[in-house]
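Here the structure is laid out as structure tokens; the discussion comes afterwards.
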Amino acid sequence: MTSPQPGIFAEGTSTHRVQKYDIASSADAEHIRAALSGLAATIESQSDRGAEIVVGFGADLAQRLTVETPADFRSFETIGQGVRSAPATQHDLIIWVHGTGPGDVFDASLAARRTLADVGEIVSDISAFVYHDSRDLTGFIDGTENPAAEEGCEIAVVDEGLPGAGGSILLVQRWVHDLDTFHALDVPDQERVIGRTKPDSVELDEAVLPDDAHITRVVMEDDDGEEIEIYRRSVPFGNSTEAGLMFLGFTDELAKIDNMLREMYGVSDGVHDRVIDFSQARSSGYYFAPSKETLHRLNK
Ligand code: HEM
């Protein structure tokens with residue numbers, strides 16, 4: 001039996017940090033495994049102190065460590081073109097720290113960086129936060145249709161018997177919003193961009209829901225007509241001059257989330273999600289968060 005990293009589904013935390021690392025090409029697998037096994041111990045001790053740490057490996061690092069991944073797992077590839085694109089900025093390792101207090105989260109992110117210091121170079125460390133009643137900085141509630149943790153676990157974790165069982169694929173994107181331009185739209189137009197009402201997140205009536213609204217683009221069905229679902233843990237970041245959304249989306253099959261993103265950029269039909277007129281994905285990467293047991297076994 002395998003189990004997912006518990007931090008993925010620990011909800012209700014208000015303070016977040018996302019760190020990205022590159023692992024030195026000169027570091028040998030044994031050395032990296034020792035550092036990551038230290039990280040597994042750090043995850044346990046920090047969880048006892050109130051901060052959850054989730055770790056994900058890029059495809060190259062997973063291969064170097066011979067960590068089994070789902071069949072379609074790969075590095076992120078650029079989607080779209082020019083200003084309407086999500087450029088690939090793949091790194092080797094992601095650490096997502098979250099908790100209820102900024103002090104605990106700071107301590108845990110420092111502990112994580114120290115644990116990896118011998119093998120990895122930190123390339124970014126962004127703090128993020130829950131904004132009001134779980135709203136995106138545009139002012140819209142983010143998460144209305146997100147499955148609850150238990151269902152999220154069923155949706156986003158690889159089943160027993162499959163490669164990467166107990167793990168989950170994670171899309172991490174840093175979206176920078178043009179809040180001045182978005183907020184200059186009147187509220188009914190803002191609602192047409194998202195496809196939901198602003199105060200209370202009610203889906204717009206089908207008769208008035210535009211083809212290029214965000215929810216029109218990302219709601220997709222499989223061959224049996226079942227809605228394709230992912231589990232989202234996105235959080236706002238930034239300050240009064242540069243701000244946006246750290247998108248964190250989990251899935252058991254990379255294609256599910258990649259197809260949503262392709263729909264946002266109009267890859268199949270040329271219709272792009274209006275959200276991308278007001279926000280740019282400055283960084284995008286795919287990571288595999290292996291099961292708890294895989295993390296613990298790395299150095300054995
Ligand atoms: C600037 C970036 C983004 C913003 C501001 C944003 C915001 C929102 C908002 C406000 C909602 C409606 C409330 C909810 O159900 O959560 C929503 C829904 C959703 N978003 Fe996004 N989102 C962004 C990027 C993405 C990306 C990159 C994906 C997937 C690749 C995605 C997938 C979804 C899904 C699956 C839903 C639920 C749709 C439904 O079932 O009705 N979003 N988003």
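The values are calculated or read from the model by the stated rules, or taken from the named source; none is laboratory data. What you see is a predicted model, and the numbers here were worked out from it, not measured in a lab. Cβ coordinates were reconstructed from backbone atoms using ideal geometry, including for glycine residues, and neighbour counts include every protein chain displayed.
Report every pair of residues separated by at least 6 positions or lying on different chains whose Cβ atoms are under 6 Å apart, first residue within the stretch 224-242 and without any contact (Cβ under 8 Å) to a residue 60 or more places away in the chain, second part of a loop (DSSP other than H, G, I, E, B) and not β-branched (Val, Ile, Thr).
Ile228/Met220; Ile228/Asp222
Could you figure out which of (1) under 30 Å from Ile32 (Cβ atoms); (2) within 13 Å of the ligand (Cβ to nearest atom); (3) surrounded by fewer than 20 Cβ atoms within 10 Å (Cβ to Cβ) isn't true of Arg262?
(1)
Looking at this structure, is Asp222 away from the ligand (no atom under 13 Å from the Cβ), closer than 23 Å to Glu150 by Cα and either crowded, with 22+ Cβ neighbours inside 10 Å or under 17 Å from the mean Cα position of the chain (by Cα) (or both)?
No.
Determine which member of the set Asp60, Asp72 is touching a helix residue (DSSP H, G or I) at 6+ places or on another chain (Cβ under 7 Å), at negative phi and surrounded by fewer than 19 Cβ atoms within 10 Å (Cβ to Cβ).
Going through Asp60, Asp72 in turn, the sole match is Asp72.
Out of everything in the stretch 194-203 that is within 11 Å of the ligand (Cβ to nearest atom) and free of Cβ contacts under 8 Å to residues at least 24 places away in the same chain, what residue ends up being surrounded by the fewest Cβ atoms within 10 Å (Cβ to Cβ)?
Here the answer is Val202.
May I ask you to verify whether Gly120 is at pLDDT below 95 and over 27 Å from Asp189 (Cα atoms)?
yes
Only strands (runs of 3 or more DSSP E) wholly contained in the stretch 38-91 count here; list those with 3 or more residues that are at pLDDT 95 or above. If you could, list the steps in order and put the result at the bottom.
Working: elements: 51-57, 79-81, 84-86.
Those strands (runs of 3 or more DSSP E) span 51-57, 84-86.
Go over the candidates Asp107, Asp133, Asp125 one by one and state the one that is in a strand (DSSP E or B) and either in contact (Cβ under 8 Å) with a residue 60 or more places away in the chain or surrounded by fewer than 15 Cβ atoms within 10 Å (Cβ to Cβ) (or both).
Among Asp107, Asp133, Asp125, only Asp125 is in a strand (DSSP E or B) and either in contact (Cβ under 8 Å) with a residue 60 or more places away in the chain or surrounded by fewer than 15 Cβ atoms within 10 Å (Cβ to Cβ) (or both).
Right, Leu209: within 11 Å of the ligand (Cβ to nearest atom), free of Cβ contacts under 8 Å to residues at least 24 places away in the same chain and over 24 Å from the mean Cα position of the chain (by Cα) or not?
yes
Residues to consider are Arg282, Arg297; find the one that is within 13 Å of the ligand (Cβ to nearest atom), surrounded by fewer than 16 Cβ atoms within 10 Å (Cβ to Cβ) and over 21 Å from Glu145 (Cβ atoms). Give the steps one after another, and end with the answer.
Numbers: Arg297 fails: within 13 Å of the ligand (Cβ to nearest atom).
Only one candidate qualifies: Arg282.
Name the one entry in Leu36, Leu65, Leu93, Leu61 that is without any contact (Cβ under 8 Å) to a residue 40 or more places away in the chain, under 22 Å from Val123 (Cα atoms) and among the hydrophobic types (A, V, I, L, M, F, W, C).
Working: Leu36 fails: without any contact (Cβ under 8 Å) to a residue 40 or more places away in the chain; Leu65 fails: without any contact (Cβ under 8 Å) to a residue 40 or more places away in the chain; Leu93 fails: without any contact (Cβ under 8 Å) to a residue 40 or more places away in the chain.
One residue alone meets the criteria, Leu61.
Let me confirm something: among Ser240, Ser268, which residue is farther than 25 Å from Ser134 by Cα, more than 14 Å from the ligand (Cβ to nearest atom) and among the hydroxyl-bearing types (Ser, Thr, Tyr)?
Checking each option against the conditions leaves just Ser268.
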